[in-house]
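What follows is a single structure, written as structure tokens, with notes after it.
Nothing in this text is a laboratory measurement; each read-out follows from the coordinates by a stated rule. All figures in this text were calculated on a predicted structure; none of them were measured in a lab. Virtual Cβ from ideal backbone geometry, glycine too; neighbours counted across all protein chains shown.
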């Protein structure tokens, strides 16, 4: 990939993340660095470096088929960004988006026919008090040895329950969709469908 006439090799721990990093760079948001709990992002439009505070990561598992990161964005609001397989993401979307969802679904089906795997990315804003209450319960569950053992054994547990609660999409919106077919063609990565609030 060429950025500002300089060849840059973007990499990540897996092809999905690499596709996201390349897509972000294509649209003018370049990952620069990670400093303690902050991601440093170069914004091509403003020429500024933006610091996004990383609050929590809910990791990917083959059972969940998704992962989330909770951040405090540059506007001060807490947001959850979630990515995953369409089968895991579609049930989590907010209601009232039938028309745009139908168009999104059409595109994903077409990509599947062409042999591409789709990765769906969504976003929701979380009120501070809701996040603080959830985090207190989540930290308690993560440090409870009984709940950790249940999770390891694949039994019902508070950790998974709290992750599901946070990722339930009463306000995950499809208000603007960007179909990155050209990213797949250019870089041979999974196709990405962005679903996010404007």
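At 0.36 nm per residue, minus the direct Cα-Cα distance, what do residue 57 and residue 35 gain on full extension? Give it in nm, one decimal, please. Spell out each step's value before the answer.
Working: separation 22, 0.36 × 22 = 7.92 nm, distance 1.59 nm.
Between residue 57 and residue 35, full extension yields 6.3 nm more.
Taking the Cβ of each residue in 60, 27 as the centre, tally the other Cβ atoms inside 10 Å and list the residues starting with the fewest. Present the calculation step by step, with values, prior to reporting the outcome.
Values: 60 17, 27 14.
With the fewest neighbours first, 60, 27 line up as 27, 60.
Using a/c under 1.5 as the rounded threshold, could you call the stretch 1-148 rounded, prolate or oblate? The axes a ≥ b ≥ c are square roots of the C-alpha gyration tensor eigenvalues, and prolate needs a/b larger than b/c, oblate otherwise.
oblate
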Gained length - residue 95 relative to residue 73, 0.36 nm times residue gap less alpha-carbon distance = 5.5 nm
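Once R0 is set to 22 Å, what does the formula 1/(1 + (r/R0)^6) return for the Cβ-Cβ distance between residue 45 and residue 87, expressed as a FRET efficiency to the nearest 0.05?
Efficiency for this residue pair is about 0.05.
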Work out the FRET efficiency for residue 106 and residue 24 from their Cβ-Cβ distance, taking R0 = 30 Å, and round it to the nearest 0.05.
-> 0.75
Between residue 142 and residue 117, what is the FRET efficiency for a Förster distance of 25 Å, r being their Cβ-Cβ separation, to the nearest 0.05?
-> 0.20
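Counting other beta carbons within 10 Å of each residue's own, what order do 82, 90, 74 fall into, fewest first? Don't skip to the end; give the middle numbers.
Numbers: 82 23, 90 18, 74 13.
So the ranking, lowest neighbour count to highest, is 74, 90, 82.
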Give, in nm to one decimal, the length gained when the segment between residue 12 and residue 149 is fully stretched (0.36 nm per residue of separation minus the Cα-Cα distance).
-> 46.3 nm
